[in-house]
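A.B. asks: I am attaching a structure below and will ask some questions about it afterwards.
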Amino acid sequence: MKLKSLFIVALLSLSFILPGSSLIKAPEEFFGFKPGTDRMLFDYGQLIKYFKLLDNASPKIKLEKIGVSPMGKPMYIAFISSEKNINDLEKIKGVNKKLALNPSIPDDELDKILKDTPVSFLATLSMHSGEVGPSQSAPLIAYDLITTADKDKLKWMDDVLFLMVPNHNPDGMDMVVHHYWKYKGKKYEGSYMPGVYHKYIGHDNNRDFVTLTQTDTKAIAGIYNLEWFPQVMVEKHQMGSSTSRYFVPPNHDPIAENIDAGIWNWAGIFGANMIKDMTKDGLAGVSQHYLFDDYWPGSTETCIWKNVIGFLTEAASVKYATPIYVEQNELMGYGKGLSEYEKSTNMPLPWNGGWWRLGDIMKYEISSTYSILKTASNHRIDILRYRNEICRKEVERGSESAPYYYVLPLSQHDQSEMVSLVNLLHEHGIETYHLKNDVEFNGRIFSKGDVVVPLSQSFRPFIKEVMESQKYPVRHYTPGGKIIKPYDITSWSLPLHKGVKSFEINKPSDEISASLIKNNSIFTINYMHTDNYTHMIFPVTNNESFKVAFKAKSSGIRVERLKSDMKIGEEDYEKGSFLIKNIENSKLKKILSALNVSPGYINISNKLKTAEFTIPRIGLVETWFHDMDAGWTRFVFDSYSIPFTVIRPADIEGLNLTGKFDVIIFPDARPSVLKKGKYKSGSDYFSPSYPPEYAKGMGTKGLKKVIRFIDSGGIVVSWGASTGLFMGEHEIKNSSGVKEFFSFPVSDISGMAKKSGLYCPGSFVKIDLKKNHPLTIGMGDSCGIFFRGTALFRTSVPDFDRDRRVIGKFPKDKILLSGYCEKEEVLENKSVFVWLKKNRGQLVLMGFNPQFRASTDGTYKLLFNSILLEKLK
């Protein structure tokens with residue numbers, strides 16, 4: 001065994017105290033076991049308690065709070081470096097910001113910065129809480145670096161400021177560890193944790209770094225967007241058990257086209273050193289150029305669009321802390337870069353199978369982390385210089401090449417989402433401006449107050465990426481061969497997804513530049529008004545108006561809605577707009593103080609035709625199978641103060657649905673999971689690795705109860721895969737006990753579309769909407785939807801007490817708005833949004849997710865309208 005490998009083994013069993021560190025407990029002494037020991041885990045509280053101990057005992061580490069998790073746990077960053085660097089943290093922070101954002105640093109000042117400044121390297125650990133290895137390694141790494149007498153490591157600490165987030169997802173860490181403890185030593189030890197390992201979104205927390213919806217995401221993104229501006233960043237993950245043991249950069253194609261070549265080159269340098277160093281340490285099965293592409297923002301590595309040298313690592317998993325044995329024939333590659341599990345350029349030293357333990361994962365984590373620190377140390381001056389060079393380069397690109405600006409008019413269909421977009425850009429460290437006067441450009445008048453986003457900024461790659469329409473970078477395995485399919489989605493355009501009108505300006509304009517006034521960090525639209533008004537009116541076209549209505553009604557404040565379109569004063573208000581009387585109410589004042597867009601202030605002398613706004617009783621069906629889409633729905637509902645009750649599928653049979661609920665929602669989930677508590681592949685069912693009490697569906701009786709709920713006047717809203725529950729024949733008993741067999745007048749033709757070549761891997765597409773229908777209140781004649789080809793509908797002429805209406809269908813042409821779609825023409829005139837009636841009940845089916853990852857605000861109103869449907873008489 002190599003000398004360094006022997007050292008790593010010694011580190012994992014460390015319990016001694018080095019000279020000069022008598023006050024510092026080794027991890028084994030603190031936790032009572034060696035981190036990495038089979039079947040042993042510590043939780044988040046223990047982890048942070050240990051880091052606080054280190055902070056109190058050593059001048060080489062400082063722990064700071066950076067935010068709170070969605071469930072209220074404090075989140076921390078640990079600064080680990082030489083004592084001098086720790087004492088100079090504020091100075092380093094200021095220098096980092098200057099390197100990242102100032103394209104005009106004088107040469108002599110830059111030379112001094114390069115001479116005196118350490119590289120700042122950020123590592124965020126175990127955001128996916130089932131991937132326990134990185135966070136379990138954190139105490140070992142921190143302890144070693146602050147107590148070491150090794151000359152090489154001491155040099156690293158002189159040259160590098162290591163910013164470690166010991167755990168990216170505190171809520172999930174506790175959920176997973178406590179689940180493991182519960183079943184440890186029992187039959188279901190190592191079983192999947194039921195539900196999502198997060199308050200809301202589970203694994204999708206690595207899809208939230210454009211929209212920044214979660215508090216833990218905001219805390220992490222703020223490190224590189226607004227606060228510390230590190231030059232290097234790694235996010236540490238785990239992957240499946242039956243492939244390579246470890247992945248390091250560079251990534252596989254395709255890669256993002258807005259990213260400077262230098263970012264990819266530097267990631268390659270770090271990756272090349274990792275695979276070299278880890279192989280030297282005797283760690284087999286390290287791969288690169290494999291499986292993980294890097295063309296889409298949304299993960300933690302969205303930092304690369306902010307000019308950070310960012311990448312991820314992935315370790316093969318065990319069952320949390322329970323070892324697994326892997327037979328050699330079970331090892332395989334997965335196509336992208338490793339079609340066969342054999343020795344290759346992308347995996348020079350295969351692992352041949354055998355026992356695989358948490359302790360093994362931690363050896364790889366320690367080795368890879370030290371390799372990154374060593375590379376950052378060896379290339380310190382070049383890395384710091386590159387950070388400022390790319391700042392200069394991007395600012396120049398923004399002033400010398402198209403696009404030059406994006407303009408967001410104040411006049412929008414949904415003003416509240418335009419304001420939300422501007423404030424989101426501010427959270428990303430982007431500067432926005434507004435016009436101080438009207439400007440004519442290229443035959444178009446832009447008005448005073450319109451928002452302008454110049455691209456002559458350091459973070460130009462991010463501005464362009466999220467403001468433009470996406471075009472997937474098609475690459476092939478062989479010339480003219482199969483395309484390399486995307487790892488995740490292919491559209492993330494903020495204006496399109498939010499339903500905001502945006503203009504890309506591809507020519508420089510002195511007039512626009514001369515009219516710019518920088519916006520405040522918090523952007524709002526406030527209309528002038530007198531104190532003499534009787535009511536406030538909130539346009540139904542604004543998402544924010546629904547938020548006001550739900551919050552006010554939940555606070556006991558009366559809310560009314562217009563029953564028809566109406567002109568009030570100089571403004572036109574659509575049917576469904578919300579009215580609240582001007583009253584002295586502290587809760588109402590609090591609601592109004594948080595608005596992005598102020599309401600209309602009006603005097604009403606005559607009685608308007610209005611209806612009182614009421615909130616239905618909502619049941620939200622959420623499986624135990626890491627149901628992220630249901631979690632996102634919970635998040636949207638909580639954000640809008642929409643009350644709901646979670647229903648587990650297995651509980652449906654025993655519930656009085658009609659007595660408890662007005663509306664039941666089925667988010668995107670497989671019918672087999674909802675009905676049987678099993679996954680289905682072809683005609684075969686297979687049970688997941690959950691404890692059996694969580695692997696249950698509603699069964700045939702439960703589904704019949706849902707159908708009976710509809711027949712009795714209830715409303716069901718379903719989207720995505722769950723719409724499959726409602727296809728085909730159903731059976732219910734009427735009030736006389738007589739069986740009735742029927743089908744809803746709709747069928748799913750998505751399978752036929754796919755056989756015809758349709759491939760739409762998460763793209764933004766256009767649909768036309770039915771006018772003057774309760775489901776399209778507040779929407780225009782058309783909208784964009786986020787579509788994956790999951791469901792596509794054909795209606796039929798109904799019988800008896802059934803009816804149907806097509807609410808949304810694809811147009812004849814120009815369907816794709818952003819992303820990638822093969823055989824787009826297959827979608828022409830096809831229905832994707834339908835309303836169905838059975839007796840006194842209603843069923844709303846959407847072939848798309850109206851709240852996809854809380855990133856498609858432009859279709860939220862379709863969801864809100866669905867849950868607010870009036871009951872049929």
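The values are calculated or read from the model by the stated rules, or taken from the named source; none is laboratory data. Model, not experiment: these values are computed from the prediction. Every residue, glycine as well, gets a Cβ built from its backbone with ideal geometry; the counts of neighbours run over all protein chains shown. All accessible areas refer to the heavy atoms of the entire protein, side chains included, with ligands and DNA or RNA removed. Shrake-Rupley method; radii C 1.70, N 1.55, O 1.52, S 1.80 Å.
A.B. asks: Roughly to the nearest percent, how much of the accessible area of region 290-338 is carbon and sulfur, given a 1.4 Å probe?
C.D. replies: 49
A.B. asks: Cut-off under 20 Å on the C-alpha distance; same-chain residues fewer than 8 positions from K607 excluded. Which lysines are left, in chain and number order?
C.D. replies: Correct list for K607: K563, K567, K575, K581.
A.B. asks: In nm, what is the difference between 0.36 nm times the number of residues separating E189 and E427 and their Cα-Cα distance?
C.D. replies: 81.5 nm
A.B. asks: If you take the beta carbon distance between F741 and R805 as r and set R0 to 25 Å, what does 1/(1 + (r/R0)^6) give as a FRET efficiency, to the nearest 0.05?
C.D. replies: 0.60
A.B. asks: For a quick size check, give me the Cα extents of region 97-244 along its three principal axes, largest first, whole Å.
C.D. replies: The Cα atoms of region 97-244 stretch 66, 42, 27 Å along their principal axes.
A.B. asks: Given region 657-714 reduced to its alpha-carbon atoms as identical point scatterers, what log10 I(q)/I(0) does the Debye formula return at q = 0.26, 0.30 Å⁻¹?
C.D. replies: For the requested q values the scattering log ratios are -1.07, -1.21.
A.B. asks: Per residue, how much accessible area does the chain show when a 1.4 Å probe rolls over the protein heavy atoms, in square angstrom?
C.D. replies: Computed with neighbouring chains in place, this is 39 Å² per residue.
A.B. asks: Continuing with the same structure: Which value in nm describes the separation of the simple spin-label points at S756 and K112, placed 7 Å from the Cα toward the beta carbon?
C.D. replies: 6.9
A.B. asks: On full extension of the chain, what length is gained from E327 through S399, given 0.36 nm per residue of separation minus the C-alpha to C-alpha distance?
C.D. replies: Extra length available between E327 and S399 comes to 20.2 nm.
A.B. asks: Which whole-angstrom value gives the distance between the alpha carbon centres of region 382-402 and region 533-571?
C.D. replies: Centre-to-centre distance over Cα atoms comes out at 47 Å.
A.B. asks: Projected area of region 262-311, taken from the Cα convex hull and averaged over every viewing direction, in nm²?
C.D. replies: For region 262-311, the mean projected area of the Cα convex hull comes to 3.8 nm².
A.B. asks: Show which aspartates and glutamates lie in cross-link reach of K838 when reach means a straight Cα distance below 14 angstrom and same-chain residues fewer than eight apart are skipped.
C.D. replies: Answer for K838, where 14 Å is the Cα cut-off: D711, E729, E731, E740, D799, D801, D803, listed by chain and number.
A.B. asks: Ok, one more. Working from Cα positions, state the angle (0 to 90°, nearest 10) between the long axis of helix 358-378 and the longest principal axis of the chain.
C.D. replies: Roughly 70 degrees between the two axes.
A.B. asks: Give me the orientation-averaged projected area of the Cα convex hull of region 663-755, in nm², one decimal.
C.D. replies: Averaged projected hull area, Cα only: 7.4 nm².
A.B. asks: Residue by residue through region 803-810, which ³J(HN,Hα) values in whole Hz follow from phi under the Karplus form 6.51 cos²θ - 1.76 cosθ + 1.60 (θ = phi - 60°), with glycine and proline marked x?
C.D. replies: 7, 7, 9, 7, 9, x, 9, 6
A.B. asks: While we're on this one: Let's test this: bin the Cα-Cα distances of region 395-457 at 5 Å from zero up to the farthest pair and state each bin's percent.
C.D. replies: 4, 17, 23, 25, 20, 9, 1
A.B. asks: Let me ask another. In units of 2.2 N^0.38 Å, what is the alpha-carbon radius of gyration of region 464-605?
C.D. replies: 1.53
A.B. asks: For a quick check: with amide H placed at 1.01 Å from N, whose amide H comes under 5 Å from Y679's, ignoring anything fewer than 5 positions away on the same chain?
C.D. replies: F686
A.B. asks: Please give the Cα centre distance for region 418-485 versus region 324-376, rounded to the nearest Å.
C.D. replies: 39
A.B. asks: Classify region 550-620 as rounded, prolate or oblate from the Cα gyration tensor: take a ≥ b ≥ c as the square roots of its eigenvalues, call it rounded if a/c is under 1.5, otherwise prolate when a/b beats b/c and oblate if not.
C.D. replies: oblate
A.B. asks: Residue by residue through region 749-764, what is 3J(HN,Hα) from phi via Karplus (6.51 cos²θ - 1.76 cosθ + 1.60, θ = phi - 60°)? Round to whole Hz and write x for glycine and proline.
C.D. replies: Going residue by residue, I get 10, 5, x, 5, 5, 5, 5, 7, x, 5, 9, 9, x, x, 10, 9 Hz, with x marking Gly and Pro.
A.B. asks: Which FRET efficiency value, to the nearest 0.05, is calculated for R617 and Y679 with the Förster distance at 41 angstrom and r the Cβ-Cβ distance?
C.D. replies: Computed FRET efficiency for R617 and Y679: 0.85.
A.B. asks: Can I ask one more? Suppose each label sits 7 Å from its Cα in the direction of the beta carbon; what would the K436-N582 distance come out to in nanometres?
C.D. replies: 3.4
A.B. asks: Okay, next question. Lysine pairs in region 666-706 with Cα distance under 16 Å, only those 8 or more apart or on different chains: how many are there?
C.D. replies: Within region 666-706, the lysine pair count is 10.
A.B. asks: Then there's this: Want the number for D488 to N772: 0.36 nm per residue separation, take away the alpha-carbon distance, what's left?
C.D. replies: Roughly 98.7 nm would be gained on extension.
A.B. asks: Here's another thing I want to ask about it. On a 1.4 Å probe surface of the protein chains, which of Y820, Y601 comes out largest in accessible area, and what is the full order?
C.D. replies: Largest accessible area first, the residues go Y601, Y820.
A.B. asks: Obtain the radius of gyration and the Kirkwood radius of region 407-534 from its C-alpha atoms and give Rg over Rh.
C.D. replies: 1.08
A.B. asks: What fraction of the Cα pairs in region 806-873, stated in percent, has a spacing above 19 angstrom?
C.D. replies: Result for the distance tail: 44 percent.
A.B. asks: What is the calculated FRET efficiency for T530 to K567, with r their C-beta to C-beta distance and R₀ = 25 Å, to the nearest 0.05?
C.D. replies: Approximately 0.80, to the nearest 0.05.
A.B. asks: Binning every alpha carbon pair distance of region 188-306 at 5 Å from zero, what are the percents per bin?
C.D. replies: Answer for region 188-306: a P(r) of 2, 9, 17, 20, 18, 16, 12, 5, 1, 0 percent.
A.B. asks: Binned at 20 Å from 0, what are the whole-percent values of the Cα-Cα distance distribution for the chain, short to long?
C.D. replies: 14, 44, 34, 8, 0
A.B. asks: Further question on the same structure: Starting from the alpha-carbon convex hull of region 769-815, give the projected area averaged over all orientations, in nm².
C.D. replies: 4.7
A.B. asks: Taking 7 Å along the Cα-to-C-beta vector as the label spot, tell me the E342-S796 distance in nanometres, rounded to one decimal.
C.D. replies: Result: 5.2 nm between the two label points.
A.B. asks: Where Rh is the Kirkwood radius over the Cα pairs of region 268-418, the temperature 10 °C and the viscosity 1.306 mPa s, what D in µm²/s does Stokes-Einstein return?
C.D. replies: 84
A.B. asks: May I ask you to order 545-553, 106-114, 483-491 by the average number of other C-beta atoms within 10 Å around their residues, highest value first?
C.D. replies: Output ranking for 545-553, 106-114, 483-491: 545-553, 483-491, 106-114.
A.B. asks: On to the next question. Residues with beta-carbon under 15 Å from that of H289, excluding H289: net charge, scoring Lys, Arg +1 and Asp, Glu -1?
C.D. replies: Counting the neighbours of H289, the net charge comes to -2.
A.B. asks: Pop out the Kirkwood hydrodynamic radius of region 355-481 from its pairwise C-alpha distances, inverse of mean 1/r, in Å to one decimal.
C.D. replies: About 18.8 Å for region 355-481.
A.B. asks: Kindly give the semi-axes, whole Å and largest first, of the ellipsoid equivalent to region 753-873, taking each as the square root of 5 times a Cα gyration tensor eigenvalue.
C.D. replies: Rounded to whole Å, the semi-axes are 25, 17, 12.
A.B. asks: Rounded to two decimals, what is the ratio between the C-alpha radius of gyration of region 603-659 and 2.2 N^0.38 Å?
C.D. replies: Compared with the compact-globule rule of thumb, region 603-659 sits at 1.66.
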